[in-house]
Structures are given as C-alpha cells and as structure tokens.
Amino acid sequence: MYGIAIGVALLMAQAQPSEPAIVISGPSPIVIPLDGSDLGASQLTLFRPPDLQAVPGAEALTKLVQAADRGDLDAQYRLGLVLVYGAGAQADPAAGVAWLQRAAKGDHARAHVFLGELHSFGVLVSRDATFARLHFRAAARKGNRDGRYWAASSFLDPLEPSLGRRDVEAGLKMMRELAMTGDKAAWSRLGDTYRSGIRNRKTGERLLAPDFSEALRWYEKGAAAGDRTAMFILGDLILARHPAPKPFEKARRWFREAARAGHTNAELRLAEMYELGLGGASDYAKAWAIYRKFEDSGNVGDRWRLGRMYEFGRGVRRDLGKALAFYTHDRGLMPQAEVLRIARSIEAGRGFQRDIAKARAFYCFAVDIPAGAFRGAQLCEGGIGGAVDLREAYSLYFVAAHDGHAGARDGLRRVAGRLDEGTRREVEEEMNGWLSDRD
C-alpha cells in the first residue's frame with residue numbers, strides 16, 4: 001500500500017554539517033541529527049501517543065535504530081514516533097512516517113492506529129478516509145482497543161462525503177460491540193450519535209434520525225460510572241425535552257453531580273436552575289455566588305447572567321445600568337433569544353431607557369432568529385439608529401429569508417436594487433458560506 005523509500009539526498013540535506021548524526025543503513029537510509037529539537041506546538045500534539053518516550057541519548061538511539069533496521073516492529077514504531085515528535089532526536093516527520101509505515105506493513109497495531117489518525121485529519125499524510133479505515137480495522141483485528149473505537153467512529157463521521165446508511169449501520173454495530181465490553185468512550189460516542197443523529201454534510205441525506213431514549217440509555221451508563229460530561233448532557237437533555245417539575249429535579253441533580261466533578265458548564269446550568277427556580281425553590285444567593293465566581297475568573301461569555309440578576313433584582317438591588325453594561329459586553333455570546341428580548345425592550349423603552357441605536361446593535365446580533373435578523377435589517381436599511389448600511393441590511397434580510405421570515409424576501413429584493421452587482425454577489429457568497437456552516 002505504501003512506498004517507504006526516502007531519497008537519500010533529500011534527507012542528507014536536512015542535517016547540518018556541524019551536527020553529529022546517525023546514518024541508518026538498509027533499504028531506506030535516514031539521517032537523524034542528534035540536537036534534541038522537537039516540533040513544538042503543532043497539530044501533532046492532538047495525536048501524541050501516551051506510550052511515546054524520548055530516547056535517552058545517542059547510545060540508546062543507536063540501539064533503537066539497529067533494532068528497527070533488523071525488523072523489530074516495536075522498535076520501528078518507536079523510532080517512527082521519535083522522529084515525528086523529535087523525542088531525543090531532531091524531528092524528521094517524513095522519515096518518521098516511513099518507519100511507521102514499515103511497522104504497519106508488519107501489522108503492528110499501534111502503528112496502524114497512529115497512521116489511521118494522521119490520514120483521518122490529513123496531518124503529514126494525505127487526508128484519506130479509506131486509508132484511515134484500513135489502518136483502524138487492521139488494528140482492530142489485532143484486538144487493539146483504539147483500533148476498534150476509531151474503526152467504528154470512521155463509519156459515523158458526517159463529514160465523510162461518501163458516508164451512507166450501510167456505513168452508519170456498520171459503525172453502530174462495531175461501536176455497540178465495543179460498548180458492551182464496558183468501554184466508556186464508546187458509551188459516550190453512542191450517546192452523542194443518537195442524540196444528534198447523522199446527516200451527510202455534503203448530500204444533506206439523513207442517515208440516522210435522533211433517538212432521545214437511546215441517547216439517554218448510553219449517557220446514563222456513563223453518568224453512573226462517574227463521567228461528568230455524561231452527567232451534564234443528561235441534565236441538558238432532560239431540561240430540554242421534559243418541561244415538567246419532576247424531570248427538572250432530576251436535571252438539577254445531574255448538574256449538581258457534574259459540577260462537583262468539576263464540569264464548568266454544569267455549574268453554570270445549576271446556577272441558572274437556582275436563579276429560575278427550576279427543579280426546586282429559587283436560591284438567588286447560590287446563583288449569584290456561582291455567576292460571580294465565573295465573572296471574577298474572567299470567563300468570556302458568562303457576564304450576561306449577572307446582567308439578568310441586576311435587571312430583575314434577583315438577590316441584588318435592581319440596577320438597569322449595570323444590567324445593560326453586562327449585556328452589551330456579552331451580546332455576541334449570550335443566547336440569541338435573550339439578545340432579541342433585550343433589543344425589543346430597549347427599542348420600546350420597556351424597563352431600559354429607549355435607545356434605537358443600542359436596540360439596533362442588539363438586533364444585529366440576533367441573526368439566528370428570523371424576527372431579530374428582519375428587524376435589524378429594517379433599521380440598517382432605513383438608517384434608523386445609525387447610518388444607512390445596505391450591505392448589513394442585505395446580509396440580515398438574506399438570513400431572515402433563508403430562515404422563512406415572510407417579509408424578508410421583499411426587503412431582500414428592495415435592497416438588492418440599491419446595491420451594485422459586485423457587492424450583492426459578494427454578500428450572497430459570504431452569507432451562503434456562513435449559513436452552510438451554521439446549518
């Protein structure tokens with residue numbers, strides 16, 4: 001499958017004349033400069049194997065090279081990692097990949113897994129789902145756990161253009177078999193897959209419908225085993241799907257357990273439940289303490305919750321000025337339903353002082369809600385609350401029309417007539433790309 005020959009001249013050129021080096025003899029001569037440098041921060045940190053160990057000095061490296069050259073698969077695998085990461089030798093990713101390919105040719109399971117990961121993401125090698133699957137399945141046949149997991153995952157990837165129903169069925173079967181051995185990562189992956197379903201991103205075809213009950217089943221296994229992420233997702237699912245007091249109590253319990261285990265978002269969700277009285281009595285003091293802790297730590301996107309406490313006087317003296325300051329700071333990060341609510345309140349002078357310019361700014365951040373995008377477009381088109389901005393108006397009408405707003409198409413046609421063709425096409429291309437990523 002793979003060629004492992006590496007040009008001697010190219011590799012020799014990579015070594016500086018002043019550097020001591022070991023020359024590896026055999027079918028693929030490779031020069032390894034011994035200056036101890038490494039790759040630094042790079043994509044490769046994502047794939048760094050836990051069994052990677054630096055070679056402690058030139059003598060040990062010489063022995064490793066000799067063992068690899070004799071055909072020792074473990075030595076070939078380790079030498080490949082050493083060269084890819086510069087762990088005791090100068091990094092030479094091309095040479096490292098060649099040694100890993102040689103180990104994989106000898107059916108070394110961990111070499112298969114590492115090469116499969118590289119091919120999955122196109123790091124150092126071509127991005128090729130077929131090669132990745134071949135490597136993962138070869139590792140799986142050797143009984144390697146990571147090989148089994150990634151082989152199954154490769155059939156559940158919605159970004160794979162050729163993904164079809166049979167692939168998904170095969171992936172689910174493989175993942176369930178691994179899950180039945182008690183594999184926690186498989187439980188989590190099955191929960192995620194059934195929660196979201198699978199749609200081929202290229203064709204739009206729905207390959208697996210979301211299954212709430214099946215997702216809960218796998219998340220509950222993880223939560224019972226102490227998986228804090230599973231606890232958080234369980235609470236979130238219950239909160240979203242069961243708007244009734246009893247399930248809210250269960251959601252609060254899962255958030256509390258996840259927060260105790262150190263899950264940040266679970267702690268924030270628990271604070272919201274304390275604030276809004278979901279799953280039990282309101283406790284503004286507890287909510288305020290959690291929100292304040294995150295605000296003091298500088299967490300981006302969490303200050304708007306303090307704004308809500310100030311707006312409604314929950315546990316603090318009502319202060320609309322402070323509320324609006326917090327909202328303004330986080331308006332690009334807070335839930336868009338909240339952004340739209342605040343925009344409408346400011347425009348109507350309901351609670352907040354009426355200020356069309358501020359209202360317009362908030363509307364322009366509520367783009368995922370058709371009514372918010374439409375109203376923002378109207379204000380930008382008419383120059384209300386600021387200068388006329390036809391480009392922004394066209395962008396907002398475009399999104400609102402895409403999302404089904406009844407009046408947005410008229411606005412789109414109206415503004416299109418006021419824009420030059422080049423600008424209009426540029427905005428359309430930009431918004432189509434944005435919508436594609438969003439949807």
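Values quoted throughout were computed directly from the atomic coordinates according to the rules given, and no laboratory measurement underlies them. Since this is a predicted model, take the numbers as computed values, not measurements. Every residue, glycine as well, gets a Cβ built from its backbone with ideal geometry; the counts of neighbours run over all protein chains shown.
Run the numbers on the chain and let me know its relative contact order in percent, using alpha-carbon pairs under 8 Å that are six or more apart. Don't jump to the answer; show the numbers that get you there.
On the way: 682 pairs, mean separation 22.4, N = 439.
Once normalised by length, the contact order is 5 percent.
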Exercise for review: With everything on Cα atoms, drop me the angle between helix 336-348 and the longest principal axis of the chain, reported from 0 to 90° to the nearest 10.
Suggested key: 30 degrees
Check your understanding: What is the Cα centroid distance between the stretch 258-307 and the stretch 356-398, reported in whole angstrom?
Key -> 32 Å
Practice item. Would you please give the FRET efficiency between residue 62 and residue 142, computed as 1/(1 + (r/R0)^6) with r the Cβ-Cβ distance and R0 = 30 Å, to the nearest 0.05? Key: 0.55
Check your understanding: Hey, of (1) 211; (2) 202; (3) 194, which did the structure itself give for volume of the Cα convex hull per residue in Å³ when calculated?
Key -> (1)
Review point. Which cross-chain or sequence-distant (5 or more) residues have an amide H under 5 Å from the amide H of residue 199, H modelled 1.01 Å from N in plane?
Key: 207
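Go through 376-384, 207-215, 229-237 and give me the packing order, highest mean Cβ count within 10 Å leading. Let's see the in-between values first.
On the way: 376-384: 20.8, 207-215: 14.2, 229-237: 23.8.
Ranking the peptides 376-384, 207-215, 229-237 by packing returns 229-237, 376-384, 207-215.
Can you figure out the FRET efficiency of residue 384 with residue 328, using R₀ = 22 Å and their beta-carbon distance, to the nearest 0.05?
On the way: r = 19 Å, r/R0 = 0.87.
Working from the Cβ atoms, E equals 0.70.
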Practice item. Go through the stretch 95-100 residue by residue and turn each phi into a ³J(HN,Hα) via Karplus (6.51, -1.76, 1.60, θ = phi - 60°); whole Hz please, and just put x for glycine and proline. Key: 5, x, 4, 4, 5, 5
Practice item. Take each of the peptides 285-294, 48-57, average the number of other beta-carbon atoms within 10 Å over its residues, and list them starting from the highest. Key: 285-294, 48-57
Review point. Helix 109-121 sits at what angle to the longest principal axis of the chain, using alpha carbons and giving 0 to 90 degrees rounded to 10?
Key: 40 degrees
Exercise for review: Determine, for 114, 121, the number of other Cβ atoms within 10 Å of each Cβ, and report the residues in order from fewest to most.
Suggested key: 121, 114
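Quick one: length gained pulling residue 206 to residue 173 fully straight, 0.36 nm per residue minus the C-alpha distance? The partial results should precede the final answer.
Values: separation 33, 0.36 × 33 = 11.88 nm, distance 1.83 nm.
Contour length minus the Cα-Cα distance gives 10.1 nm.
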Revision key, fill the gap. With x for Gly and Pro, the residue-by-residue ³J(HN,Hα) of the stretch 379-390, computed from phi through the Karplus equation 6.51 cos²θ - 1.76 cosθ + 1.60 at θ = phi - 60° and given in whole Hz, is 5, 5, 5, x, x, 9, x, x, 5, 4, 9, 5
**Study point:** In sequence order, calculated HN-Hα J values of the stretch 198-204 (Karplus, 6.51, -1.76, 1.60; Hz; x Gly/Pro)
**Key:** 9, 10, 4, 5, 7, 8, x
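Test of understanding: ordering 331, 217 by Cβ neighbours within 10 Å, fewest first, what list do you get? Write out the running numbers ahead of the final one.
Details: 331 21, 217 14.
Ascending Cβ contact count within 10 Å gives the list 217, 331.
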Check your understanding: Which of 181, 264 comes first, and how do the rest follow, when ranked by fewest Cβ neighbours within 10 Å?
Key -> 181, 264
